[in-house]
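Enquirer: What follows is a single structure, and I will ask about it in a moment.
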There are 2 protein chains.
Amino acid sequence: MEGMMYKWFDAASGWMVVFIIGVLTGLVAGIVEIGAKWLIDVREGYCGEGWFLDKEACCWSNSTIIAQDYCSNWLRWSDLLVGTDNKMVKYAINYFCYICIGTSFAMLTVIFVMVIAPYASGSGIPEVKTILSGFIIRGYLGLSTLMTKSVGLVLCVASGLSLGKEGPMVHVACCIGNVFVRLFPKFTKNEARKREVLSAAAAAGVSVAFGAPLGGVLFSLEEVSYYFPHKTLWRSFFCAMVASVVLQSLNPYSTGQSALFYIEYDYAWHFFELIPFVILGCVGGILGAFFIKCNIFWCIKRKTSKLGHHPFIEVAVVALVTALISFVNPFTRKSTAGLIKELFSVCEWEDNSDLCDYSYSEKYNNGTAQSSNIAWGAPNARLKTAIWELVMAAVVKSVITVFTFGLKVPAGLFIPSLAVGGCIGRVMGELVQYITYLNRESSFLQGICPDMSVCTLTGLYAMVGAAAVLSGVTRMTVSLVVIMFELTGGITYIVPIMVAVMTAKWVGDFITPNGIYDAHIEINGYPYLDGKERFMHTSMCEDVCKTKKVKELKTIDANSVTVQDLEILLETTMYHGFPIVSDDQLNIVIGYVSRNDLIRALKCARDKHIDLVNASRVYFTDGLMRSNAGGGPISVSLGKVVNHDPICIEPKTPLAHTIDMFTKLGVSQVLITNRGKLKGIITRKDVLRHIDYLKTTDNGHNLF
Amino acid sequence: MEGMMYKWFDAASGWMVVFIIGVLTGLVAGIVEIGAKWLIDVREGYCGEGWFLDKEACCWSNSTIIAQDYCSNWLRWSDLLVGTDNKMVKYAINYFCYICIGTSFAMLTVIFVMVIAPYASGSGIPEVKTILSGFIIRGYLGLSTLMTKSVGLVLCVASGLSLGKEGPMVHVACCIGNVFVRLFPKFTKNEARKREVLSAAAAAGVSVAFGAPLGGVLFSLEEVSYYFPHKTLWRSFFCAMVASVVLQSLNPYSTGQSALFYIEYDYAWHFFELIPFVILGCVGGILGAFFIKCNIFWCIKRKTSKLGHHPFIEVAVVALVTALISFVNPFTRKSTAGLIKELFSVCEWEDNSDLCDYSYSEKYNNGTAQSSNIAWGAPNARLKTAIWELVMAAVVKSVITVFTFGLKVPAGLFIPSLAVGGCIGRVMGELVQYITYLNRESSFLQGICPDMSVCTLTGLYAMVGAAAVLSGVTRMTVSLVVIMFELTGGITYIVPIMVAVMTAKWVGDFITPNGIYDAHIEINGYPYLDGKERFMHTSMCEDVCKTKKVKELKTIDANSVTVQDLEILLETTMYHGFPIVSDDQLNIVIGYVSRNDLIRALKCARDKHIDLVNASRVYFTDGLMRSNAGGGPISVSLGKVVNHDPICIEPKTPLAHTIDMFTKLGVSQVLITNRGKLKGIITRKDVLRHIDYLKTTDNGHNLF
């Protein structure tokens, strides 16, 4: 009965904690979204009816709509300057304001980050991955990081820097998870259970970033989490769902659609198109790998040169250059999300935008051919210009993002990658469409798309290209396909996207083995032990011991240790834990105690028992305090904090097995014993150092 | 360089094998689908233009369509009887043919199954789960099972028995996986890698069964697979995708939609509706648990009574009764998939079916209220009758399915569960809609659904009910939500479905702890060690040794063993493996060899070296054959087949840790050592036996 109650309470509190995290993540995401939307518009002007309204809300009330994205209530900065109608002057003023406001937002962000929480910079995904693998970075998921990252995210998205808020949302969600899990002491006591909550929070982060709850769960499973039991799967899904519902009820996108880049069309794709899709995959893989190489090169340069000492100036310069360049190209001037939305859509018949400037031959305009409702034909002048602008936008965005990712501001890679890929894909799509247009009378195409209906959807190519580049950069697979599918609602196009993603991953893996997150983990030197790769060396555990930095082994002798001994041990060493042995000569392992547990237990014993003296004996068997019968100082039992069954392995155990134990059982150290006698201890870091050592000294002999 | 090549080939062959499995699964599923569709129609009549055409294909050609599902080319059996126009006689003839043909299909199936492959019966999911957890059931995934199950599936789906082909498709896919993985020797050698391939095949099975590739992957991850590394995730997705594309290109559903029960509508749901959704969840959970109890009771009865000796008669009786009862109710007479499709759809204005027989008040018929295009209002006579028929259909289907699941025919539970749940949900929906209709003028409802537009979608309630009952029966969670969502394409309704599924699972778990698959694993006594449950006992490994059935420990003494010793050991014992010890007195463990490896290695040595005699010494260190320098018989080294690093644990290790090792590291036995000396051996079965023992003797003291 008690066990039943315990189980119930256990389950209920687990659900409650993920519910709270989901709600808060949804709320924070909504606030960030609304704030960023407003500040993005502030770069262009302000609302006459109330300065706190964004353009859409401002134009919503009954005012005259002048242009597609402009209305009489909305005042551009140039409208403040009454008296002149000179268009050039107005353009210059708007240009100037756009740059100044954007750059000042960026500078404000970097000040926040540097002064309050340095951990708020970057995307945070490499660090979250490392933390979920069992490494602790103190303060990385703290309240101040949460606040700074949320506010900084609003500002730096609005600054016009080439970055997205999607990656950082994962970090923000994990911060929320880490802060609010403290309400439930059960989870804070147990690191493994806390990490399960963080996995769920990461899913919620992606869920709100893209409106993709399912993609979030798979992202957490595939990319972020180290250990993902079934219960976590279900809780992550719940958490992601709650966050998504809360965000939708705030309705920041004001569309009523849950998908961020919802596409309206649902036409078939053709098997011959797999060829351009594979080509897009290759381009995405190459571009992604090249991006990683450049970005890593620049990050190392930043770390090792003077550049790293002046993050403020660096951000200001990058923001200024970004604003200067972005304003001149209509595709880079608009918000990146808006750009992606435009690229993913197809041309309807009435569409008058630059990307839809086709010259239709009369034959296809009339008659029954218009059943598909999609415009196509030979490109006109405006479309030709737009294609060049798209190419330029892709180049500019790629180059700028190399310098942006790694700045001391919150910065995600998803949206810039999608934008670059979308531009490339759309250009490719126009090309393929033009080719099919030229050959529209051929029997092959007549067989596939009869009645001269459109054969290729340019928007689909943009989607495929976006997925390919994102896959090349992050090397995500299943989760990326699902995210793309939830982003667009295009279940029909899951195969093209999958083909491109797979090609991009394979091509990318061929050039650089790691995705951007793993590459950043590596240059930052985090002790991340990859459970995905099969370890191919014949090294044994004893080899690891040989390459250890610190070879001295500090043990606790269970038969003779006193309180003072332990306190001296804690003071003189910095080890994270100590093996407990039965006898100094034989060194038989009887347990293991972690540093933190030992400190806490000793403090507790000192507080409780004022008659505890330095010479008091410490026992590590279970049981309560016992006073010494002989009249000497009382003794204390710390059996409760001891792990009586540490993982012990033989020195000849292959390292591959040991890595399995680290990754699958989630332990952070193993003891090396020979017939029960302690020979050494290996930690996760020792294994990583040994792998590094093998890499540098590798002459091919160890590979089989 | 060699390692690189090895890695590449390794990866490529892995992809190739899942590609082949995906293609074949898609093909088999297409054939089963087309065959079943035709045979279902054969029960009603045949095509005048060609007996091999099904009704749809027959009516496709330019013939007069007489009724909704009837055309002049299609001849009912009663049409053969010329000369009479008596409707009663015709009805009787059709009734008779329907029953006879259906029952004979069922009897044919049971003959196939009993004669060719007894393993082809049932859903196969419990067995696949057990196999993937590491247990071997020889022949369960063989070629004869594959053939029998595929053919039997066509027949028994067409027989009209209350069963689905979805569960068995998972078994069929795993058979395909198991048979064709033999093309790649690498996978057959290594059981763990073979199981990874089978996981991918299971995903492909669900993918083709529901047209839900993503749901398939999650089903494999959540429900079937034991161990699911990242690489398997991606390969499963690929396999599921390929299978789904192949099936779609065969186009057996003839709709062009990839979703089986594609819904056309996309209207919002309201928060107040969560109350009926939760109620549906409770009903689903209770019904599911009750179903499990009844079904298990009946299965045990079948096993322990004479009933089990006459499967042929049992199937015939159940088929006859099913056909007799099903024909009279229009909802049970039609194919179950057709029923579900009808239940999930909503009533359009022009719809004239029984389920849409509303009396509209004039006020809502005219004016602007019809923006939603959905019919609703007070139920008319036909709808009232239909509701009673739905209730009867739910009752009849539930009761019959209890007796059907467990027959000696291939039988899945998904479709019957969805149908029962759909009926209940639809009835609930009509109820809620009527309530909202009565209170349509209230300010609360006016605030939510203004302009008298429809407030509740009855089709959505059917979907939610279907998901709830399926969740109650199988206890699936995330994968079920995803499957429902892929089945219907209704991304808008993911929250209602999720709420119902969660409620159903919680309620169901409260009544019976296990889903139907786990319950069947238990009554069949398969050694399945559940990795999902947290083990709550304080038992230690030595306690397991005490409850072992066979306590004798057979070891191999590495210092003195001869070929003959080993052969006698293999003949006299049936153990699956033997620990190798260094010395009979000290019993120091130096390795472990599995029975199969030992047999193969000895046979190989005997074949290769004709001078090998009974007295030849066997060494277990690495290295090749060495001849004895002293002139005695040559010796042989079997070091290659020995696992030199078996998992060894101390006797005092908590059982919970040991279970972790079994489930997470995938080992099938651990050696108990004390300071290196062998004390015993524990297998997965020993642990399961011990857990059973604890359950029966549990007095609450062991729980904490």
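The values are calculated or read from the model by the stated rules, or taken from the named source; none is laboratory data. Since the structure is predicted, the reported quantities are computational estimates derived from the model, not experimental observations. Because the Cβ atoms are built from the backbone with ideal geometry, glycine has one as well, and the counts that use them run over all protein chains shown.
Enquirer: Give segment A:212-246 a look and list any residue that's within 19 Å of A:T130 (Cα to Cα) and among the charged types (D, E, K, R), or say none.
Expert: A:E222, A:E223
Enquirer: If we scan segment A:214-236, do we find a residue that is more than 17 Å from the chain's Cα centre (by Cα), in contact (Cβ under 8 Å) with a residue 40 or more places away in the chain and crowded, with 24+ Cβ neighbours inside 10 Å?
Expert: There is at least one residue in segment A:214-236 that is more than 17 Å from the chain's Cα centre (by Cα), in contact (Cβ under 8 Å) with a residue 40 or more places away in the chain and crowded, with 24+ Cβ neighbours inside 10 Å.
Enquirer: Report every pair of residues separated by at least 6 positions or lying on different chains whose Cβ atoms are under 8 Å apart, first residue within segment A:632-655 and within 14 Å of chain B (Cβ to nearest Cβ), second basic (K, R).
Expert: Note: pairs meeting the criteria are A:H644/B:K652; A:D645/B:K652; A:P651/A:K679.
Enquirer: A further question on this structure: Considering only residues of segment B:128-165 that are of a type in the set (D, E, K, R) and surrounded by fewer than 24 Cβ atoms within 10 Å (Cβ to Cβ), which is farthest from the chain's Cα centre (by Cα)?
Expert: Filtering segment B:128-165 down to residues of a type in the set (D, E, K, R) leaves B:129, B:138, B:149, B:165.
Now restrict to residues that are surrounded by fewer than 24 Cβ atoms within 10 Å (Cβ to Cβ): B:129, B:138.
Details: B:K129: 9, B:R138: 19 Å.
Per the criteria, the residue is B:R138.
Enquirer: Given the condition modelled with pLDDT of 80 or more and of a type in the set (F, W, Y), answer yes or no: does some residue in segment A:58-72 qualify?
Expert: No, every residue in segment A:58-72 fails to be modelled with pLDDT of 80 or more and of a type in the set (F, W, Y).
Enquirer: Only one residue in A:L383, A:L339 is modelled with pLDDT of 85 or more and under 30 Å from A:L108 (Cβ atoms). Which one?
Expert: Just one listed residue meets the conditions, A:L339.
Enquirer: Hey, B:C175 hits all of (1) under 18 Å from the mean Cα position of the chain (by Cα); (2) within 14 Å of chain A (Cβ to nearest Cβ); (3) farther than 18 Å from B:K37 by Cα but one; which does it fall short on?
Expert: Condition (2) is where B:C175 drops out.
Enquirer: Kindly provide the set of residues from segment A:201-238 that are farther than 24 Å from A:L529 by Cα and within 12 Å of chain B (Cβ to nearest Cβ), ordered by number. I'd like the intermediate steps shown before the answer.
Expert: Of the residues in segment A:201-238, the ones farther than 24 Å from A:L529 by Cα are A:204, A:207-215, A:234-235, A:237-238.
A:S207, A:G211, A:A212, A:P213, A:L214, A:G215, A:W234, A:R235, A:F237, A:F238, listed by residue number.
Enquirer: Cβ-Cβ below 8 Å, separation at least six or inter-chain, first residue in segment A:74-90 and among the acidic types (D, E), second assigned to a strand (DSSP E or B) and at pLDDT 80 or above: which pairs?
Expert: These pairs meet every condition: A:D79/A:G45.
Enquirer: Considering only segment A:510-518, I want to know if a residue exists there that is in contact with a helix residue (DSSP H, G or I) (Cβ under 9 Å, 6 or more places away or on another chain), within 13 Å of chain B (Cβ to nearest Cβ) and under 21 Å from A:P213 (Cβ atoms).
Expert: No.
Enquirer: Looking only at segment A:90-146, filter to residues that are charged (D, E, K, R) and touching a helix residue (DSSP H, G or I) at 6+ places or on another chain (Cβ under 7 Å); which one of those is farthest from A:A173 (Cα to Cα)?
Expert: A:K90
Enquirer: So, in segment B:164-207, how many residues would count as being touching a Pro at 6+ places or on another chain (Cβ under 9 Å) and part of a helix (DSSP H, G or I)?
Expert: 10
Enquirer: For segment B:293-337, what are the residues that are more than 24 Å from B:A92 (Cα to Cα), hydroxyl-bearing (S, T, Y) and touching a helix residue (DSSP H, G or I) at 6+ places or on another chain (Cβ under 6 Å)?
Expert: Answer for segment B:293-337, where residues must be more than 24 Å from B:A92 (Cα to Cα), hydroxyl-bearing (S, T, Y) and touching a helix residue (DSSP H, G or I) at 6+ places or on another chain (Cβ under 6 Å): there is none.
Enquirer: Could I ask something else about it? Enumerate the helices (runs of 4 or more DSSP H) found wholly within segment B:267-347, keeping only those where 1 or more residues are without any contact (Cβ under 8 Å) to a residue 24 or more places away in the chain and surrounded by fewer than 16 Cβ atoms within 10 Å (Cβ to Cβ).
Expert: Helices (runs of 4 or more DSSP H) meeting the threshold: B:274-304, B:311-328, B:336-344.
Enquirer: Looking at (1) crowded, with 22+ Cβ neighbours inside 10 Å; (2) away from chain B (no Cβ under 14 Å); (3) out of contact with any strand residue (DSSP E or B) (no Cβ under 8 Å at 6 or more places or on another chain); (4) at pLDDT 90 or above, which is the one condition that is false for A:T456?
Expert: (4)
Enquirer: For B:L161, are the conditions met, namely being farther than 17 Å from B:S225 by Cα, among the aliphatic types (A, V, I, L, M), modelled with pLDDT of 85 or more and not in a helix (DSSP H, G or I)?
Expert: Values: farther than 17 Å from B:S225 by Cα: yes; among the aliphatic types (A, V, I, L, M): yes; modelled with pLDDT of 85 or more: yes; not in a helix (DSSP H, G or I): yes.
Here the answer is yes, as B:L161 does meet what is asked.
Enquirer: Tell me, yes or no, whether segment B:168-187 has at least one residue that is touching a strand residue (DSSP E or B) at 6+ places or on another chain (Cβ under 9 Å), of a type in the set (G, A, S) and within 19 Å of B:E127 (Cβ to Cβ).
Expert: no
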